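Notes for the one structure printed next.
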Amino acid sequence: MSQTWMITGANRGIGLALTMELLRRGDHVIAAARDPWGGALAELAGVHVGELTPLELDVTSDESVAAAKRALAGRPLDVLVNNAGLYGPRDRQSAFEMDFDAWREVFEVNVYAPLRVAQAFLPNIEAGSGRKIATISSRMGSLGGNPSGAIAYRSSKTAVNMVMVAFGNAVRASEIAVLLFHPGWVQTDMGGGGADIPATESAAGLIETIDASGMAETNSFRTWKGETIPW
Ligand SMILES: NC(=O)c1ccc[n+]([C@@H]2O[C@H](COP(=O)([O-])OP(=O)(O)OC[C@H]3O[C@@H](n4cnc5c(N)ncnc54)[C@H](OP(=O)(O)O)[C@@H]3O)[C@@H](O)[C@H]2O)c1
């Protein structure tokens, strides 16, 4: 049966690939982006009339999230995917040099926003039957992965893991599964052209793994293929 998914950062990269794969298989997608009416989303909306709902959403803005919440009031959602993310500066986030303003910005997008979005759309998830909230984290946030460098980005993903585990425990009684994923090293603007896998492969794996997940998997941290990652 067709489901309704909401994807943040749906206009490019992994978010766009998730949107395209879900539309291909007949699901409805609420494609949330800062500019949901331009570029690839505009083309998709022209082809998938009635199946794709563009939603303007800056995940770092209380006002933008409140407006999006009003726009979706009363509409059941089966799956929410917190995908929007920011890597931060390529050079100044090391042990010896840090752009602290950029670090704060990375936390705004990668840590605070997933909770802000999950809180805002929790009533929609409670009204749906899928009852899943997935957040695209990263293996780079794993403390068990011998981390070095990229401190702003890594720490944001470690933090969002904790945020969403705490959120998952809070909504456990409502039987909403909260899932954390590493999407692979993916060929996107963030991952770069030399990354391991195309966004289509990551998206297909994520969707398959999310489909197969339920309360038994709540608060898990896994790859797009469903393999467990150490915290
Ligand atoms: N690519 C990889 O290898 C890799 C590996 C591990 C984890 N991840 C994670 O996977 C997720 C998607 O990454 P990606 O590779 O697809 O990155 P990407 O190509 O750089 O795309 C990032 C997306 O996030 C959106 N975004 C950023 N700030 C936003 C904001 N304030 N409000 C709304 N949207 C915002 C961007 O929108 P705009 O177009 O408006 O900027 C864009 O749609 C991220 O959470 C990332 O950390 C990626």
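What to note about this one:
- Whichever residue in segment 85-109 is within 20 Å of F181 (Cα to Cα) and out of contact with any Ser or Thr (no Cβ under 7 Å at 6 or more places or on another chain) and, among such residues, is farthest from the ligand (Cβ to nearest atom): G88
Conditions tested, residue by residue: (1) over 24 Å from N146 (Cα atoms); (2) in contact with a Ser or Thr (Cβ under 9 Å, 6 or more places away or on another chain); (3) exposed (fewer than 14 other Cβ atoms within 10 Å of the Cβ).
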{"site": "G193", "(1), (2), (3)": "yes, no, yes"}
{"site": "I197", "(1), (2), (3)": "no, no, no"}
{"site": "T200", "(1), (2), (3)": "yes, no, no"}
{"site": "T228", "(1), (2), (3)": "no, yes, yes"}
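- A66 meets the conditions (1) within 16 Å of the ligand (Cβ to nearest atom); (2) buried (at least 18 other Cβ atoms within 10 Å of the Cβ) in every case but one. The failed one is (2).
- Of all the listed residues (L180, L143), the sole one being in contact with a strand residue (DSSP E or B) (Cβ under 7 Å, 6 or more places away or on another chain) and of a type outside the set (D, E, K, R) is L180.
- Residue in segment 208-217 that is open to solvent by less than 20 Å² (accessible area, probe 1.4 Å), in contact with a strand residue (DSSP E or B) (Cβ under 8 Å, 6 or more places away or on another chain) and closer than 16 Å to S129 by Cα present: yes
- Condition met for N110 (at pLDDT 95 or above and either touching a strand residue (DSSP E or B) at 6+ places or on another chain (Cβ under 6 Å) or closer than 19 Å to S220 by Cα (or both)): yes
- Residue in segment 211-229 that is assigned to a loop (DSSP other than H, G, I, E, B), closer than 15 Å to A17 by Cα and more than 8 Å from the ligand (Cβ to nearest atom) present: yes
The values are calculated or read from the model by the stated rules, or taken from the named source; none is laboratory data. In this text the structure is predicted, and so the values were computed from the model without any measurement. Note that we place each Cβ from the backbone using ideal geometry, even for glycine, and neighbour counts take in every protein chain shown. Please note that ligands, DNA and RNA were not included when accessible areas were found on the heavy atoms of the full protein model with its side chains. Shrake-Rupley method; radii C 1.70, N 1.55, O 1.52, S 1.80 Å.
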